[in-house]
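What follows is a set of notes on a single structure, which appears directly below.
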Amino acid sequence: MIEYESVRGDGAGLIDLSESRGRIRVTGSEATMFLNGLITNDIKNAIENSWLPAVFPTVQGRLIGAVRILRSDSGFLIDTEAASHDAILKTISRFTLAGDFKVVDVTAETALLTVQGKRAGDVINDVNAKVIRATHTGEHGFDLIIEAGERASVTAKLIAAGAQPFSQETFETLRIEAGIPRHGQDMDETSVVLETNLDDAISYTKGCYVGQEIIIRIKHRGHVARKLTGLKFAKPVESRATITSEDGKEIGRVTSSTFSPRLESPIALGYVRYEYLSAGTAVKVNDNPGTVTDLPFVRGSWYD
C-alpha cells in the first residue's frame, strides 16, 4: 500500500518504463508528410514538451499500435509500447527509401522514467532531463527521457528528492483504475481503432491517412459494435473471462483485472456489446455479478 499511496495519496511515485516501452526517432524534411499519412492524429499539432497521442492503423482501420509523439528541433520522437514496437518500427521504416525520411530505433540508447502523483513537480525540479507532462495513472505526472547511461544517477536523485519507487504490479493496478488500455492485453491487431477508447488520438479534420475511410465510415454510422469499458465485480475475475448479460447472453470478455484499493472492489477492463454499454448495466461472469462502469474508475489529480 505504500507504493500505491505514494501515487494516489499526496506523494510521488517513480517507475522505470525503459524496457516496457520503446522509442523511435524520425527526422528528415518529409517526416511530417510521411508520418501524417500513417497516423490517426494530426502531427502538425505535435509540439515540444507535450505528447501527441496517435494510432498507427491498418488499411482495415485496425490497430497496429497506439503511440505518443513528441516534436523536437530535429524531428519527432515516437514512444511506443514494447508489445507494438517492432510492428510500428517496421511500418515506419518501409518509407525510408521514398524520400528525405530517416528512422532510428533509439530504445537501447535512451531511458524513460516517470514520476506520478501530486508531488511529482516538486520531485523533478532539480533533475537535468527532457521532461514532458504525462500521466500513466490518472494522477499528475511527468515523463523524463534521458541517456541510458544516466538512468542510475537520475533514479537515485529522484528517490533522494522524495520519489517512492513502485512495482509493475502496482503500476498495473493504477493504469487499470485510470482506464488506460495496454497493447497485447486490452487491444491488438484485431481491434478496430474506435473500439479501444482512444478517442483523443484521432483527428476527424486532417487529410488522408491509412485506414481513414473505414474509421470515418464507422464514426458516421454512429457507433462500433463493441467498446472497451469499465467493469466492477463482487469477486475477482480472470482476464479473458466471458461476460454475459443477466439473461445469459454472451456480450463480451474481460481483458484486464485487478483489485482497486481506492474503490475497495475488484475491477476490470473489457469489451462489451454496444447495447450493454450504459453505466450501471448489470452483467456477470459465471455467477459473479457486476456492473458496467464509466472510465476512468478513479479521476485523480490529472483532472484537477
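Readers should treat all values here as calculations from the given coordinates under stated rules, not as data from a laboratory. Keep in mind that what you see is a predicted model, and the values were worked out from it rather than measured. Because the Cβ atoms are built from the backbone with ideal geometry, glycine has one as well, and the counts that use them run over all protein chains shown.
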Using alpha carbon centers only, the range 193-229 is separated from the range 1-58 by a whole-angstrom value of 20
Which whole-angstrom value gives the distance between the alpha carbon centres of the range 86-104 and the range 114-161? 30
Give the lysines reachable from residue 157 as a straight Cα distance under 22 Å; neighbours fewer than 8 places away on the same chain don't count. 118, 130
Take residue 190, project a point 7 Å from its Cα along the Cβ direction, then tell me which residues of the range 241-278 have their backbone nitrogen under 16 Å from it. 241-243, 251-256, 270-273
Once fully extended, how much extra length lies between residue 19 and residue 96, figured as 0.36 nm per residue of separation less the alpha-carbon to alpha-carbon distance? 25.2 nm
Sequence gap at least 6, Cα distance under 8 Å: using those rules, report the relative contact order of the chain to the nearest whole percent. 20
Net length gained if the chain between residue 33 and residue 2 were fully extended (0.36 nm per residue, minus Cα distance): 6.5 nm
Applying a 10 Å radius around every beta-carbon, put 219-229, 3-13 in order of their mean neighbour count, most first. 3-13, 219-229
Which order, highest average first, do 84-95, 239-250 follow once you tally other Cβ atoms within 10 Å for each residue and take the mean per peptide? 84-95, 239-250
By how many nm would the segment from residue 204 to residue 130 grow when fully extended, if each residue of separation counts as 0.36 nm and the alpha-carbon distance is taken off? 23.6 nm
Among all the aspartates and glutamates, which ones have a C-alpha under 18 Å from residue 44's C-alpha, if same-chain residues fewer than 8 places away are not counted? 30, 73, 79, 100, 199, 200
Can you list the chymotrypsin sites (Phe, Trp or Tyr not before Pro) in the range 156-261 that are in a DSSP coil and have 12 or fewer other beta carbons within 10 angstrom? 204
Residue 217/residue 147 FRET efficiency (R0 45 Å; Cβ-Cβ; nearest 0.05): 0.50
With +1 on the Cβ of every Lys and Arg and -1 on the Cβ of every Asp and Glu, and nothing else charged, how large is the dipole of the chain about its Cα centre, in debye rounded to the nearest 20? 680
Return the loop-located GluC sites (Glu not before Pro) in the range 6-91 (DSSP other than H, G, I, E, B) with at most 12 other Cβ atoms within 10 Å of their own Cβ; answer none if there are none. 19, 48
Can you list the lysines whose alpha carbon is less than 16 Å from that of residue 249, not counting same-chain residues fewer than 8 positions off? 284
Can you order the peptides 35-41, 100-106 by their average number of other Cβ atoms within 10 Å per residue, highest first? 35-41, 100-106
